[in-house]
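The values are calculated or read from the model by the stated rules, or taken from the named source; none is laboratory data. Not measured: the values here are computed from a predicted model. Positions of Cβ are generated from backbone atoms using ideal geometry, with glycine treated the same way; all protein chains shown enter the neighbour counts. When the accessible area is computed, the model is the full protein with side chains, heavy atoms only, and any ligands, DNA or RNA have been set aside. Shrake-Rupley method; radii C 1.70, N 1.55, O 1.52, S 1.80 Å.
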Amino acid sequence: MRAVVVNSFGGPEAVEVVETEVPEPGAGQVRIRVAAASLNPVDAGVRAGVFGGAGRIGLGWDVAGTVDAVGAAGAWSVGDEVVALHYGMAKPLGTHAEYVVVDAGAAAPAPATVDAVHAATLPLNALTAAQALDRLELVPGRSSLLVTGAAGAVGGYAVRLAAHRGTAVTGLAREGDEAFVRSLGARHVTSGTVAERDFDAVLDAAVLGEPALAWVRDGGRYIGVIPHAEPASVRGVRTGAVEVSADGARLAELVRLLDEGVLTTRVAETYALEDAVKAHARLDEGGLRGRLVLVP
């Protein structure tokens, strides 16, 4: 099969499409024939060596496709349409391939209302947003939340999920994204000044760090999206960062919300698997609204 890997760190030119053996599922695993797999900023970080590792490293975390082999009897059968998160900074094979093996507990039934290309954009970003909100322990109807990067993939899901739960959400986003962020359920949107100590919690999807911490009231909460990169606690503000984990049950809940129309997906462009280098170059250009998706 073909798979996208890096054998040395660098820019888009470090990306290679190689021929490799089709992986076999072990006990508690399933093999998925990949229909689509999105390209995320974390893939660019892995490619550049931000997270370390050595030797051949496979790229790709999100997948939508069809179960084509199972390691042992379990919840999945050959032919099931699924989505999954394949977690790992330095794994030998990722989801940017024709086949991928994942833990059975990482998969969820595929959405019924969108195609595989759109479904592949859901797992990493929606799970990150949901798990970050869990860490903030917001009280519906009482807590106020500021989401930075509110028009981005993680930030957008965070705004929508929090608003759906009854939280008063303010989104920080570029001026041109105000209408979109409001459509997600934000009560207020700003592109400029934010009052200090004005929010019970901040979800810092834009990775602003200390400036965003200043917007949290004394004793509030701050959650970032890069593990171990959160600012130090001040004024009794509890700080932390979400490290996304594969959770098929939680992913199934997010799929249900997608099928109910609560969540929406955004695809910027699609690329053939053999054009992975071009996709990475486009990712590095920035300015995207929606995800790039590789299609084997």
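Residues in region 122-144 that are of a type in the set (A, V, I, L, M, F, W, C) and either modelled with pLDDT under 95 or open to solvent by 10 Å² or more (accessible area, probe 1.4 Å) (or both): L124, L138, V139. Considering only residues in region 34-80 that are in a strand (DSSP E or B) and among the small types (G, A, S), the one that is most open to solvent (accessible area, probe 1.4 Å) turns out to be A35.
Just for region 273-296: of the residues that are within 20 Å of A116 (Cα to Cα) and open to solvent by 60 Å² or more (accessible area, probe 1.4 Å), which one is modelled with the highest pLDDT? Among them, the one singled out is E274.
Can you spot a residue in region 114-130 that is over 20 Å from V181 (Cα atoms), assigned to a loop (DSSP other than H, G, I, E, B) and either touching a strand residue (DSSP E or B) at 6+ places or on another chain (Cβ under 6 Å) or among the hydroxyl-bearing types (S, T, Y) (or both)? Yes: region 114-130 contains one or more residues that are over 20 Å from V181 (Cα atoms), assigned to a loop (DSSP other than H, G, I, E, B) and either touching a strand residue (DSSP E or B) at 6+ places or on another chain (Cβ under 6 Å) or among the hydroxyl-bearing types (S, T, Y) (or both). At negative phi and either of a type in the set (S, T, Y) or crowded, with 20+ Cβ neighbours inside 10 Å (or both): does that describe A179? Spelling it out, it is not the case that A179 is at negative phi and either of a type in the set (S, T, Y) or crowded, with 20+ Cβ neighbours inside 10 Å (or both). Quick check on A205: is it within 13 Å of V225 (Cβ to Cβ) and open to solvent by 20 Å² or more (accessible area, probe 1.4 Å)? Against the criterion (within 13 Å of V225 (Cβ to Cβ) and open to solvent by 20 Å² or more (accessible area, probe 1.4 Å)), A205 qualifies. Taking (1) within 21 Å of the chain's Cα centre (by Cα); (2) assigned to a loop (DSSP other than H, G, I, E, B); (3) surrounded by 15 or more Cβ atoms within 10 Å (Cβ to Cβ) in turn, V255 satisfies each apart from (2).
Of the residues P227, P231, only one is open to solvent by less than 60 Å² (accessible area, probe 1.4 Å), part of a loop (DSSP other than H, G, I, E, B), modelled with pLDDT under 95 and over 22 Å from L127 (Cβ atoms); which?
On the way: P227 fails: over 22 Å from L127 (Cβ atoms).
None of the others qualify; the one that does is P231.
So if I check each of A179, A162, which one is assigned to a helix (DSSP H, G or I) and free of Cβ contacts under 8 Å to residues at least 12 places away in the same chain? On inspection, the qualifying residue turns out to be A179. Within region 215-224, restricting attention to residues that are closer than 15 Å to S144 by Cβ and of a type in the set (G, A, S), the residue that is most open to solvent (accessible area, probe 1.4 Å) is G219.
In this structure, does V262 turn out to be over 18 Å from the mean Cα position of the chain (by Cα), at pLDDT 95 or above and open to solvent by less than 50 Å² (accessible area, probe 1.4 Å)?
Numbers: over 18 Å from the mean Cα position of the chain (by Cα): no; at pLDDT 95 or above: yes; open to solvent by less than 50 Å² (accessible area, probe 1.4 Å): yes.
Judged against the criteria, V262 is not a match.
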